[in-house]
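Q: Pasting a structure here, questions to come.
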Amino acid sequence: MQSAVLRLPVDYETIRFNDWTISYEKSHILKSMCHLGSDKCCDKDDVNRCELCHYQHTLELPHLPDMVFHKNKLVLQHKDGALMEFKPIDALALVANGKEAAVEVACAQEWRETRAEQNMEHKYKPFDWTFTSTYQGTLNEHFRSEVTEQTLNKMKLMQRENILFYHDLTLYEDELHDHGISAMSVRIRVMPSGFFVLLRHFLRIDDVLIRMHDTRFHYEIENDYILKEYIHREAPCSELQSSISFWTNPDEMQNFLPVKTKELHKLYFK
């Protein structure tokens, strides 16, 4: 009796493609307790502080998402030095920490009450409990960004090609105390003609609103730049009743949400 040989998931993988080294890492979620104990916290200046305390001290949020995949990351590095990374801590660094008015709905108070016992000190200002982030990746100084009117070559992206490398990583996720979902993810596919990256934050607050922040990166091997497209889409659920069957499917919902912001850039790496 013969059985198919399945490719087991791995925690790390690298591909070299047209002067680029592309790799991902993935692991378990961030622990919810300091290694010193449930009521303890590593000192801010402790070089050996645990990963949870590193996140808490760095981000200064009263609470982290339920699931933070702190070791998950996607890295693209060009031989001339350009470096593009996608990391959970950088994404969460853009979550509003009291600087702007957060989305206020009926379940917000319930959300706070469920975490009242978790040492949420009064020094914290109200923050965006939806964990919305406009993160667009982390680029080093070897990239040069220019505004452009050139749009993504969607016909090229729709062409059937061999997939040389593919992966989908979750950076963080929170179910908003069963009132929806807030998730940041990044996925990449490498084809003979180039590579395509989609970084997405998807927010659904049940019966309130649906919001998406999508950043797409498309590199074609004949170019010395990566085309970047950032789009913010959003609408209240009251205006989305015709698409209710797709509310849990971000790939479908993007077709129903009105565009609030759109930005196009060329990222030169040579």
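The values are calculated or read from the model by the stated rules, or taken from the named source; none is laboratory data. What you are looking at is a predicted structure, and each value in this text was computed from that prediction instead of being measured. Every residue, glycine among them, receives a Cβ derived from its backbone with ideal geometry; neighbour counts consider all protein chains shown.
Q: Is there a residue being outside any helix (DSSP H, G or I), among the basic types (Lys, Arg) and either in contact with a Gly (Cβ under 9 Å, 6 or more places away or on another chain) or modelled with pLDDT of 95 or more (or both) anywhere in segment 92-115?
A: Checked segment 92-115: no residue is outside any helix (DSSP H, G or I), among the basic types (Lys, Arg) and either in contact with a Gly (Cβ under 9 Å, 6 or more places away or on another chain) or modelled with pLDDT of 95 or more (or both).
Q: Still on this structure, I have one more. If I filter segment 198-255 down to residues being assigned to a strand (DSSP E or B) and aromatic (Phe, Trp, Tyr), which single residue comes out as nearest to the chain's Cα centre (by Cα)?
A: Phe202
Q: Inspect all residues belonging to segment 68-90 and state whether any of them is at pLDDT 80 or above, outside any helix (DSSP H, G or I), of a type outside the set (D, E, K, R) and farther than 30 Å from Tyr166 by Cα.
A: no
Q: Related question: Being at pLDDT below 95, of a type outside the set (D, E, K, R) and either in a loop (DSSP other than H, G, I, E, B) or on the phi > 0 side of the Ramachandran plot (or both) narrows it down to one residue among His177, His142; which is it?
A: Going through His177, His142 in turn, the sole match is His177.
Q: How many residues does segment 68-88 contain that are surrounded by 18 or more Cβ atoms within 10 Å (Cβ to Cβ) and either out of contact with any strand residue (DSSP E or B) (no Cβ under 6 Å at 6 or more places or on another chain) or of a type outside the set (Phe, Trp, Tyr) (or both)?
A: To start, the set of residues in segment 68-88 that are surrounded by 18 or more Cβ atoms within 10 Å (Cβ to Cβ) comprises 68-70, 72-74, 76-78, 82, 84, 86-88.
Now drop any that are not either out of contact with any strand residue (DSSP E or B) (no Cβ under 6 Å at 6 or more places or on another chain) or of a type outside the set (Phe, Trp, Tyr) (or both), which leaves 68, 70, 72-74, 76-78, 82, 84, 87-88.
The total comes to 12.
Q: Another question about this same structure. Restricting attention to segment 242-255, which residues are under 15 Å from His213 (Cα atoms) and crowded, with 16+ Cβ neighbours inside 10 Å?
A: Pro250, Met253, Gln254
Q: Are any residues in segment 12-38 part of a loop (DSSP other than H, G, I, E, B) and surrounded by 12 or more Cβ atoms within 10 Å (Cβ to Cβ), and if so, which ones?
A: Of everything in segment 12-38, those that are part of a loop (DSSP other than H, G, I, E, B) and surrounded by 12 or more Cβ atoms within 10 Å (Cβ to Cβ) turn out to be Asn18, Asp19, Lys26, Ser27, Ile29, Leu30, Lys31, Ser32, Cys34, His35, Leu36.
Q: While we're here: Among Arg216, Arg204, which is the only one that is among the basic types (Lys, Arg) and either within 27 Å of Arg160 (Cα to Cα) or surrounded by fewer than 13 Cβ atoms within 10 Å (Cβ to Cβ) (or both)?
A: Arg216
Q: Right, something else. Name the residue that is nearest to Tyr268 (Cα to Cα), counting only residues in segment 50-78 that are touching an Asp or Glu at 6+ places or on another chain (Cβ under 7 Å) and without any contact (Cβ under 8 Å) to a residue 60 or more places away in the chain.
A: Val75
Q: Take the residues in segment 148-160 that are charged (D, E, K, R) and either in a strand (DSSP E or B) or at pLDDT below 95 (or both), then tell me which one is nearest to the chain's Cα centre (by Cα).
A: Lys154
Q: Scan Lys270, Lys260 and give me the residue that is of a type in the set (Lys, Arg) and part of a strand (DSSP E or B). Write out each step before concluding.
A: Numbers: Lys270 fails: part of a strand (DSSP E or B).
After applying the criteria, what remains is Lys260.
Q: Take the residues in segment 48-67 that are under 16 Å from Asp128 (Cβ atoms) and among the aliphatic types (A, V, I, L, M), then tell me which one is modelled with the highest pLDDT.
A: Of everything passing the filter in segment 48-67, Leu64 is modelled with the highest pLDDT.
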